[in-house]
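Trainee: Provided herewith is a single structure, encoded as structure tokens, for subsequent inquiry.
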Amino acid sequence: QVQLVESGGGLVQPGGSLRLSCAASLNYVKLYDMGWYRQAPGKQRELVAFVRSGNITNYADSVKGRFTISRDDVKKTVYLQMDSLKPEDTAVYYCNAARENFNYWGQGTQVTVSS
């Protein structure tokens, strides 16, 4: 059974850092594009960052220079390093794995940036 399990969320002060992890129980994980999305109350889910199977990355303009996505296909884990966090980053962060005809989501992890 496919499972994506996020961890690493929590409460941090503005300017602080967190590293999110997503453990993916996927076969042939190297074939998947892996991404992080987030959803704040009253807002639609938005793409934060993704890393393709070829290690090409992309970021939302709002997080460029602050967040870094990476993947370890041996460990079947994708990471999101978040630095210089802002209150606007507060949201539930979801891990996503996608390939042709497949699209999987984790249950999410809460990130709250507040003083």
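Trainee: Dipole of the chain, Cα-centred, from +1 at each Lys and Arg C-beta and -1 at each Asp and Glu C-beta, to the nearest 20 debye?
Mentor: So the dipole magnitude of the chain works out to roughly 100 debye.
Trainee: Something else about it: Roll a 1.4 Å probe over the protein heavy atoms and report the accessible area of Tyr37 in Å², nearest 10.
Mentor: 60
Trainee: Ok, one more. In a Gaussian network model over the chain where Cα atoms closer than 10 Å are linked, find which of Lys75, Lys43, Lys30 has the largest mean-square fluctuation.
Mentor: Lys43
Trainee: What is the spread of the Cα atoms of the chain along each of their three principal axes, largest first, in whole Å?
Mentor: 42, 25, 24
Trainee: At R0 = 22 Å, how high is the FRET efficiency between Ile56 and Asn27 if r is their beta carbon distance? Nearest 0.05 is fine.
Mentor: It comes to 0.50.
Trainee: Name the residues of region 34-54 whose amide N is less than 20 Å from a point 7 angstrom out from the Cα of Asp83 along the C-beta direction?
Mentor: Those under the cut-off are 36, 48-51.
Trainee: Taking θ = phi - 60°, what integer Hz values does the Karplus form 6.51 cos²θ - 1.76 cosθ + 1.60 yield along region 55-71, in sequence order, with x for Gly and Pro?
Mentor: 6, 7, 10, 8, 9, 5, 4, 5, 10, 4, x, 10, 10, 9, 9, 8, 9
Trainee: Taking 0.36 nm per residue of separation and subtracting the Cα-Cα distance, what length does fully extending Glu100 through Arg19 add?
Mentor: 26.3 nm
The values are calculated or read from the model by the stated rules, or taken from the named source; none is laboratory data. Quantities reported herein were computed from a predicted structural model and do not represent experimental measurements. Cβ sites come from the backbone with ideal geometry, for glycine too, and all protein chains shown count toward neighbours. In case anyone asks, the SASA skips ligands and DNA or RNA and just uses the protein heavy atoms, side chains included. Shrake-Rupley method; radii C 1.70, N 1.55, O 1.52, S 1.80 Å.
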